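Chemist: Got a structure for you, questions after.
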Amino acid sequence: MASPGSDRVLLAAVKLSGVDLRQAATLDDGERQRAASFGSGIQRDRFLAGRIALRRHAAETAGMGAAELRANYVCRECTRDDRVHGMPRYQAAPSGPAVLASLSRAGDWCLLAATTDERVLGVGVDLESCTAAGFDGFGLVALTEREREHLQRVEPALRPRVQTLLWTRKEAVLKALGRGLAVVDPALVDVAGSVPLLPGFLQAPAAASVTDVPPAGGQEGGGHRWLVDAVNPGSVGLPDSLTAAIALQRVPGP
């Protein structure tokens, strides 16, 4: 299915236990080598299942076979250029479209997103159990002041679920930017509105800044630069016990 509010991103959900690991033959050598580096067979199989599922989804988005894609991942956190870690990207050889993609796991479930739209700068998805972030003290370490104010307006019984939704939105935005929680304080990323507020060091060429962000749902330069939204679990076949979000960053335009 297309992402909420956009026809540019294809979303899907799969069960990792249902992925045929024999399809690892479609992966790049670097991906198989990385899988072999895991000491745990369970971790290795989960990694392979996720990579196989994401490649198949990217291939479907591009209208090609999985074996026709070449992994071209980009990491903005290190200098290791092995093309199989970081932001998921695929190149359809020899001159086909580039595919931007994202993957998130929760238990046996995996949420996938992919797009070939050249105007998209980054896409991210996150998947969590509904109350994964619903613990005391979460807001003090992970939420901005505006997000905490938003949470105070929510009925107490619903706050654990809303906290988790805010967390999935943050994760999705960071994935769309190609940044990780290992180097970014989540309390610096505000996702209370539909357009994220970002600190200066996270500014990308088409990202909104803290000082020029329009009201939630507003527009810049003739079009949205960000879409940050919840994903209805049932719309992609996920159980209601999970919470998911998608973030899409693109250049201004229609």
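No lab work stands behind these numbers, since they all come straight from the coordinates. It should be emphasised that the depicted structure is a prediction, and the values quoted were computed from it without experimental measurement. As a convention, Cβ positions derive from the backbone with ideal geometry for all residues, glycine included, and neighbour counts pool all protein chains shown.
Chemist: Go ahead and estimate [θ] at 222 nm for the chain from helices alone: -39,500 (n - 2.57) per DSSP H run with n ≥ 4, summed, over the residue count, rounded to 500.
Modeler: Taking each H run of at least 4 residues, the total per residue is -7500 deg cm²/dmol.
Chemist: Additional query: Could you list THR116, THR79, THR131 so that the one with the fewest beta carbons within 10 Å of its beta carbon is first and the one with the most is last?
Modeler: Sorted ascending by nearby Cβ count, the order is THR79, THR131, THR116.
Chemist: Determine, for ILE52, ILE246, the number of other Cβ atoms within 10 Å of each Cβ, and report the residues in order from fewest to most.
Modeler: Ordered from fewest to most neighbouring Cβ atoms within 10 Å, ILE52, ILE246 come out as ILE52, ILE246.
Chemist: At most 15 other Cβ atoms within 10 Å and a DSSP loop assignment: could you name the trypsin sites (Lys or Arg not before Pro) in the range 40-93 that fit?
Modeler: In loop regions of the range 40-93 (DSSP not H, G, I, E or B), the sparsely surrounded trypsin sites (Lys or Arg not before Pro) are ARG76, ARG80.
Chemist: Counting other Cβ atoms within 10 Å of each Cβ, which chymotrypsin sites (Phe, Trp or Tyr not before Pro) in the range 12-91 have at most 16 and sit in a DSSP loop?
Modeler: Taking the range 12-91 and a limit of 16 other Cβ atoms within 10 Å, the loop chymotrypsin sites (Phe, Trp or Tyr not before Pro) found are PHE38.
Chemist: On a full-extension model of 0.36 nm per residue, what is the gain between SER241 and ALA187, subtracting their alpha-carbon distance, rounded to one decimal in nm?
Modeler: 16.9 nm
Chemist: I'd like the Karplus ³J(HN,Hα) series for the range 38-51: coefficients 6.51, -1.76, 1.60, θ = phi - 60°, whole numbers in Hz, and an x wherever there's a Gly or Pro.
Modeler: 6, x, 9, x, 5, 5, 4, 5, 5, 4, 4, 4, x, 5
Chemist: While we're on this one: When the dipole is taken about the Cα centre of the range 10-250, and only Lys, Arg (+1) and Asp, Glu (-1) are charged at their Cβ, what size is it in debye, to the nearest 20?
Modeler: For the range 10-250, the charge dipole is close to 420 debye.
Chemist: By counting other Cβ atoms within 10 Å of each Cβ, how are VAL184, VAL141, VAL154 ranked from fewest to most?
Modeler: Ordered from fewest to most neighbouring Cβ atoms within 10 Å, VAL184, VAL141, VAL154 come out as VAL141, VAL154, VAL184.
Chemist: Going toward the positive end of the dipole of the range 10-250, with +1 on Lys and Arg Cβ and -1 on Asp and Glu Cβ, which of PRO88, ALA133, LEU151 do you reach last?
Modeler: Checking the options against the dipole of the range 10-250, the answer is PRO88.
Chemist: Further question on the same structure: Please find the FRET efficiency linking ARG44 to ARG8, where r is the Cβ-Cβ separation and R0 is fixed at 22 Å, and quote it to the nearest 0.05.
Modeler: The formula returns an efficiency of 0.10 here.
Chemist: What are the ³J(HN,Hα) couplings of the range 231-236, residue after residue, when phi is run through the Karplus curve with 6.51, -1.76, 1.60 and θ = phi - 60°? Round to Hz, x for glycine and proline.
Modeler: These are the phi-based 3J(HN,Hα) values: 9, 5, x, x, 5, 10 Hz.
Chemist: For the modelled label position 7 Å from the Cα of ALA157 along Cα-to-Cβ, which residues of the range 91-130 have backbone nitrogen atoms closer than 19 Å?
Modeler: Those under the cut-off are 130.
Chemist: Kirkwood hydrodynamic radius for the chain: how many Å is it when counted over pairs of different Cα atoms?
Modeler: In the chain this quantity evaluates to 18.7 Å.
Chemist: Turning to a different aspect of this structure: Round to the nearest 10 and give me the degree value, 0 to 90, for the angle of helix 159-177's Cα axis relative to the longest principal axis of the chain.
Modeler: In the chain, helix 159-177 runs at an angle near 50 degrees to the longest axis.
Chemist: Could you compute the net charge surrounding CYS78? Neighbours are other residues with a C-beta less than 15 Å from the C-beta of CYS78; K and R count +1, D and E count -1.
Modeler: Local charge sum for CYS78: +2.
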